[in-house]
Amino acid sequence: MSSFRLRFLAFVPLAVGAVALPGEAQRAQQRGNDAIRIPYERYKLANGLTVVLAPDHSTPRASVVVYYHVGSKNEVTAHTGFAHMFEHVMFTGSEHVPYGTHDRLTEGVGGDNNGFTTNDETVYYENIPSNYVESALWMEADRMGFLLGKLDSAKFAAQRDIVQNERRQRYDNQPYRRAPEIINAAMYPASNPYSWPTVGYMADLREASVEDVKNFFRMYYAPSNATLAIVGEFNAADAKKWVAKYFGDLPRGKPIMRPAVRRATLTQEKHLVFEDRVQVPRLFIAWPTVGSKANDTYALNALGSILTGGRTARVTKALVYDRQSAATVNGGQNDREEVGEFVVSMDPRPGHTLTELEATTDSIIERLKHEGPTAEEMQRATAGIEFDFVSNLESNLGKAMLLSTSATYFGDPGHFRTEYAKLKSVTAADVKRVANTYLGSGRVVLSVVPAGKTDLAARPAASTKVIPSANGGPYTMGGESK
């Protein structure tokens, strides 16, 4: 496998009010067998804001991304859902940008804007015609620095109601949608911030006050906890002036104490059953693994492709096509910043049971753990993962997200080069090793079944019933509140 490296030149001028980063603020230059080249420049403002500029003059459009290093992981028990709630609040207008202006200056001129929240980050972005880059920067700076002046109790209560409705619509009342949060609650101790859902528990959302979320905002939504990326058609000199003009005077945030998180370790299997408003039972098998910073995540991604990645993948082929015992098979490595899970899910065909699917899946995995993948499987898995990685760079937004993620978690926007080299260098021995290391007996097996039909669970006699809280709080699993 080839390794890919890019060099960066070190003499790009910094923006007004910036402080230099040794060896950075550099432009990418193709060298040797480099396959991916994203010219960029990185610098920091005096208030701690990381700025990444990547001009690309191929189309008259640009993307602006503000990447806050805060997610549900930064919440605490009984106060969940705050990060996601602020994703909504930050679209309601700030002190100098009235509600509706954001859409008028993006969608109204042929662009778009949106945001999302995960366990680890909160991200806002605009895709706009290139002559609206300054407008996007002005709007993002205003909600970073002047949001709370327009956040009153009435506006907060309205957004809290919207988030509660989203919780009902997308999680509580959507078939199988509670499965991921049940798995996380079973896999991690209640004190682990990855144990609760990003959307939060309904009980916590109801009790949240406007002062609670204001304090959360003051701590995390500051320049020193954010990365700003601009990718596409723009003039770098103009962009630096605009960044300094709109972001330069915003105050640095307080020092952040990030939670110390350990990856989950299960000493034995947890077999669970959850009754839902579904017509067909579904089986989930989940093992705790590692997060995105660990090298094993690359081999785990390849393992996921080999087991469930397509019609020729081992579990998919065996269950869906050869035996025709399953209607669907999905799964793979789910990595977050600090932790990860390897999850396989499947729906049975009529006449087949979840117990049967579990046993067959286990036998397929055990064979892979013993023999390892074939050369053909490795080639197919690596090619597919590489294709997905490169395809993500077709858009300005895809490049902006990659540069922001690399800067946020690795302190280097160019970390994508290391990531690309590592995903291409995974070997069959690596895949065999991670299968044996992580896919063991310490796991969560969850059966989601129609109400009143717990007998349809995989190994029903061994399955503990999961009971949702009456007030919308954590689940109860076999007498244990989680």
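The values are calculated or read from the model by the stated rules, or taken from the named source; none is laboratory data. None of the values given here were measured: they were computed from a predicted structure. With ideal geometry, Cβ positions are generated from the backbone for all residues, glycine too; neighbour counts draw on all protein chains shown. Heavy atoms of the whole protein, side chains included, go into the accessibility calculation; ligands, DNA and RNA do not. Shrake-Rupley method; radii C 1.70, N 1.55, O 1.52, S 1.80 Å.
For residues that are in a loop (DSSP other than H, G, I, E, B) and under 21 Å from the mean Cα position of the chain (by Cα), scanning just the range 68-79, find the one that is nearest to Gly473 (Cα to Cα). Can you show your working first?
Taking the range 68-79 first, the residues in a loop (DSSP other than H, G, I, E, B) are 69-71, 75, 77-78.
Remaining after also requiring under 21 Å from the mean Cα position of the chain (by Cα): 69-71, 75, 77.
On the way: His69: 26, Val70: 22, Gly71: 19, Glu75: 15, Thr77: 10 Å.
This residue is Thr77.
Of all residues in the range 80-127, which are buried (at least 20 other Cβ atoms within 10 Å of the Cβ), assigned to a loop (DSSP other than H, G, I, E, B) and without any contact (Cβ under 8 Å) to a residue 40 or more places away in the chain?
Within the range 80-127, Thr106 is the sole residue that qualifies.
Would you mind stating whether Val273 is assigned to a loop (DSSP other than H, G, I, E, B) and either in contact (Cβ under 8 Å) with a residue 24 or more places away in the chain or open to solvent by 10 Å² or more (accessible area, probe 1.4 Å) (or both)?
So Val273 does not fit the description; no.
Which of the residues spanning the range 312-326 are in contact (Cβ under 8 Å) with a residue 24 or more places away in the chain and either in contact with a strand residue (DSSP E or B) (Cβ under 8 Å, 6 or more places away or on another chain) or not in a helix (DSSP H, G or I) (or both)?
To start, the set of residues in the range 312-326 that are in contact (Cβ under 8 Å) with a residue 24 or more places away in the chain comprises 312, 314-315, 318-319, 323-326.
Across the range 312-326, the qualifying residues are Thr312, Val315, Leu319, Arg323, Gln324, Ser325, Ala326.
From (1) hydrophobic (A, V, I, L, M, F, W, C); (2) in contact with a Lys or Arg (Cβ under 9 Å, 6 or more places away or on another chain); (3) surrounded by 21 or more Cβ atoms within 10 Å (Cβ to Cβ); (4) more than 30 Å from Pro60 (Cα to Cα), pick out the condition that doesn't hold for Ala264.
(2)
Condition first: part of a helix (DSSP H, G or I), open to solvent by 30 Å² or more (accessible area, probe 1.4 Å), touching a residue at least 12 places away in the same chain (Cβ under 8 Å) and of a type in the set (Ser, Thr, Tyr). Now tell me which residues in the range 409-443 satisfy that.
Selection gives Thr437 alone.
Would you mind stating whether Ala158 is open to solvent by less than 60 Å² (accessible area, probe 1.4 Å) and under 27 Å from Lys73 (Cβ atoms)? Before you say what the answer is, go through the steps one by one.
Numbers: open to solvent by less than 60 Å² (accessible area, probe 1.4 Å): yes; under 27 Å from Lys73 (Cβ atoms): yes.
Yes; evaluated as a whole, the condition is true for this residue.
Please find, among Ala190, Ala186, the residue that is within 30 Å of Pro450 (Cβ to Cβ), among the small types (Gly, Ala, Ser) and open to solvent by less than 30 Å² (accessible area, probe 1.4 Å).
Of Ala190, Ala186, the one residue that is within 30 Å of Pro450 (Cβ to Cβ), among the small types (Gly, Ala, Ser) and open to solvent by less than 30 Å² (accessible area, probe 1.4 Å) is Ala186.
Has the range 294-316 got at least one residue that is open to solvent by 10 Å² or more (accessible area, probe 1.4 Å), farther than 21 Å from Ala383 by Cβ and either among the small types (Gly, Ala, Ser) or modelled with pLDDT of 95 or more (or both)?
Looking for residues that are open to solvent by 10 Å² or more (accessible area, probe 1.4 Å), farther than 21 Å from Ala383 by Cβ and either among the small types (Gly, Ala, Ser) or modelled with pLDDT of 95 or more (or both), one finds at least one in the range 294-316, hence yes.
State whether the residues of the range 221-235 include one that is over 20 Å from Leu147 (Cα atoms) and open to solvent by 40 Å² or more (accessible area, probe 1.4 Å). Spell out how you get there, then give the answer.
Initial filter on the range 221-235 (over 20 Å from Leu147 (Cα atoms)): 229-235.
Among the residues that remain, those that are also open to solvent by 40 Å² or more (accessible area, probe 1.4 Å) are: 233, 235.
For the range 221-235, residues over 20 Å from Leu147 (Cα atoms) and open to solvent by 40 Å² or more (accessible area, probe 1.4 Å): present.
Filter the range 128-139 for residues that are part of a helix (DSSP H, G or I) and over 22 Å from Val70 (Cβ atoms); which is most open to solvent (accessible area, probe 1.4 Å)?
As a first pass, look at the range 128-139 and keep what is part of a helix (DSSP H, G or I): 130-139.
Adding the requirement that they be over 22 Å from Val70 (Cβ atoms) leaves 130-135, 138.
Details: Ser130: 35, Asn131: 120, Tyr132: 62, Val133: 1, Glu134: 57, Ser135: 31, Trp138: 73 Å².
Taking the candidates together, the pick is Asn131.
Suppose we keep only residues that are of a type outside the set (D, E, K, R), outside any helix (DSSP H, G or I) and touching a residue at least 24 places away in the same chain (Cβ under 8 Å) within the range 152-188. Which one would you say is nearest to Ala286 (Cα to Cα)? First the steps, then the outcome.
Taking the range 152-188 and keeping what is of a type outside the set (D, E, K, R), we get 153-154, 156-159, 162-165, 169, 171, 173-176, 179-180, 182-188.
From the residues that got through so far, the ones that are outside any helix (DSSP H, G or I) too are 173-176, 188.
Imposing the further condition that a residue be touching a residue at least 24 places away in the same chain (Cβ under 8 Å) reduces the set to 173, 175-176, 188.
On the way: Asn173: 23, Pro175: 19, Tyr176: 15, Tyr188: 12 Å.
Ranking the qualifying residues of the range 152-188, first place goes to Tyr188.
Can you spot a residue in the range 334-353 that is crowded, with 22+ Cβ neighbours inside 10 Å, free of Cβ contacts under 8 Å to residues at least 24 places away in the same chain and either under 12 Å from Pro281 (Cα atoms) or under 29 Å from the mean Cα position of the chain (by Cα) (or both)?
Taking every residue of the range 334-353 in turn, none turns out to be crowded, with 22+ Cβ neighbours inside 10 Å, free of Cβ contacts under 8 Å to residues at least 24 places away in the same chain and either under 12 Å from Pro281 (Cα atoms) or under 29 Å from the mean Cα position of the chain (by Cα) (or both).
Go through (1) in contact with a Lys or Arg (Cβ under 6 Å, 6 or more places away or on another chain); (2) surrounded by 19 or more Cβ atoms within 10 Å (Cβ to Cβ); (3) in a helix (DSSP H, G or I) for Met144 and report which single condition fails.
Unmet condition: (1).
Which one of these is at pLDDT 95 or above, among the β-branched types (Val, Ile, Thr) and in contact with a helix residue (DSSP H, G or I) (Cβ under 6 Å, 6 or more places away or on another chain): Val51, Val16?
Answer to the check: Val51.
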